[in-house]
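S.K.: This structure is in structure tokens; I'll ask about it shortly.
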Amino acid sequence: MVKNMVRDLAHNEFAEKAGEVDQLGIFPWDNIKLMAEHGLLGINIPEKYSGAGSDTVSHVLAIEEVARVCASTSVVLTTQALVLAPLMIAGTEEQKQKYVTPMARGDVLGSFCLTEPGAGSDAGSIKTLAVRDGDNYVINGQKCFITNAGESEIYVVVAKTDKDKGHRGISLFVVEKGTPGLTFGKKEDKMGIRGSVTREVIFENCCVPKENLLGEENMGFRILMQTLDHTRTGVGAQALGIAQGALDAAVKYAGERVQFGNTLNSFQTIQVMLADMATQVEAARLLVHQAAYDLDEGKDITRISSMAKLCASDVAMQVTTDAVQVLGGYGYIKEYPVERMMRDAKITQIYEGTNQVQRLVIAKTLF
Ligand code: CAA
């Protein structure tokens, strides 16, 4: 039901605009409102906090169907999940009521502020500092590559609370838009997901009440790692959707395009490519669904969520590249969607942990 509902929504409302969203770099507020109305922004959040009360399997099905036609729009779903996860993992009841509820309803968006100019894969080396001052914390620092920055109302910020303690001196805070000292810097001009906003976030003596600390002081790195365990499967689902969208386009084109007197799908060279693409997509889908199911079952998901993200994003890159090849010259121009999909696929190998980081995480679980 979820898959069919989201497929209809994405097909009827998002597909036609996806090219324009990409080319003009339009932040897709219209699509976001529709997703909110359909309960997709909090699909896996309990009804108690105004979510749809469904599970992670439903969540990944929804992400896949949206990404299949418009990756930029699907980034809103994965980013919302990235902010909701630490709030659900470590938030107090009061914090959940205050921040999870409006986000799950889709009234507001959230942004996750981890990455800094000098701290990407090495998340423990962040420099942003939060200093306790009476009943407040004062935050100073600069974040970069922050998805939805400026558009979001709620910012989960990773900061050092003890700069001498490495990853054991990290804490998480909630900062609301409009807090004095929180400003937004330049917007990035990106290769893909061009309808998604990626921007710097700057904290200058940004003062938040101590109640905005998420979890215990200096315990933030563990919450951060648990968060990424929860959300990497969603990026896998996004990659899977992009790959499926490219496969759909390649199969359709191969059935229409005539060369040497026959449609492309009559040639074994093309059949072999399409068969390999379809097999890779299905393999990625099984891993993504297994990871989502394991999370719902309360199992340890560190390894399988990294595997799902790693596998699906590599598949997305390969399948979108092959789709461009099947379409030939037409695949390389913007009139057809596969060149956009190939550009969109690339980021899934990079964000929420590069695929090199995923391999490190997987390797650690083997020894
Ligand atoms: N669950 C709970 N705890 C964990 C954990 C997990 N999955 N993984 C590690 N930990 C704990 C360890 O037990 C250890 O605890 P102790 O304090 O007891 O020592 C601690 O965390 C440190 O672990 P490591 O020594 O393994 O940490 P590390 O510094 O070597 O880093 C890493 C590990 C996997 C490379 C990690 O830094 C990482 O995931 N980096 C990538 C960061 C990332 O994904 N960035 C993406 C930004 S978000 C984004 O892209 C958002 C967007 O808007 C698009």
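S.K.: Please state which one of I146, I170 is more than 23 Å from R194 (Cβ to Cβ) and in contact with a strand residue (DSSP E or B) (Cβ under 7 Å, 6 or more places away or on another chain).
M.R.: Criteria check complete, one pass: I170.
S.K.: Which members of the range 151-209 meet the condition of being within 11 Å of the ligand (Cβ to nearest atom) and among the hydrophobic types (A, V, I, L, M, F, W, C)?
M.R.: Scanning the range 151-209 gives V156, V158, I170, I193, V197, V201.
S.K.: Can I ask one more? When you check G120 against the structure, is it away from the ligand (no atom under 16 Å from the Cβ), within 19 Å of the chain's Cα centre (by Cα) and over 21 Å from M317 (Cα atoms), yes or no?
M.R.: no
S.K.: Restricting attention to the range 221-253, and to residues there that are more than 17 Å from the chain's Cα centre (by Cα) and within 18 Å of V361 (Cβ to Cβ), which single residue is surrounded by the fewest Cβ atoms within 10 Å (Cβ to Cβ)?
M.R.: The residue in question is R222.
S.K.: Specify the residue that is nearest to R168 (Cα to Cα); the eligible residues are those in the range 116-146 that are open to solvent by 40 Å² or more (accessible area, probe 1.4 Å) and in contact with a Phe, Trp or Tyr (Cβ under 7 Å, 6 or more places away or on another chain).
M.R.: Looking at residues that are open to solvent by 40 Å² or more (accessible area, probe 1.4 Å) and in contact with a Phe, Trp or Tyr (Cβ under 7 Å, 6 or more places away or on another chain), I get V131.
S.K.: Shifting gears a bit: Just checking, which of I362, I347, I333 is touching a residue at least 12 places away in the same chain (Cβ under 8 Å), surrounded by fewer than 19 Cβ atoms within 10 Å (Cβ to Cβ) and aliphatic (A, V, I, L, M)?
M.R.: Residue meeting the stated conditions: I362.
S.K.: Check whether at least one residue in the range 81-89 is away from the ligand (no atom under 16 Å from the Cβ), open to solvent by 20 Å² or more (accessible area, probe 1.4 Å) and touching a residue at least 12 places away in the same chain (Cβ under 8 Å), and report yes or no.
M.R.: Scanning the range 81-89 turns up no residue that is away from the ligand (no atom under 16 Å from the Cβ), open to solvent by 20 Å² or more (accessible area, probe 1.4 Å) and touching a residue at least 12 places away in the same chain (Cβ under 8 Å).
S.K.: With the condition kept exactly as written, say whether any residue in the range 19-40 is more than 27 Å from V281 (Cβ to Cβ), within 16 Å of the ligand (Cβ to nearest atom) and either open to solvent by 10 Å² or more (accessible area, probe 1.4 Å) or part of a helix (DSSP H, G or I) (or both).
M.R.: yes
S.K.: In the range 4-52, what count of residues is obtained for those that are under 22 Å from N148 (Cα atoms) and charged (D, E, K, R)?
M.R.: Within the range 4-52, residues that are under 22 Å from N148 (Cα atoms) and charged (D, E, K, R) number 7.
The values are calculated or read from the model by the stated rules, or taken from the named source; none is laboratory data. Everything numeric in this text was worked out from a predicted model, so none of it was measured. Quick reminder, even Gly has a Cβ in these numbers, built from the backbone with ideal geometry, and neighbours come from all protein chains shown. With ligands, DNA and RNA removed, areas are computed over all heavy atoms of the protein, side chains included. Shrake-Rupley method; radii C 1.70, N 1.55, O 1.52, S 1.80 Å.
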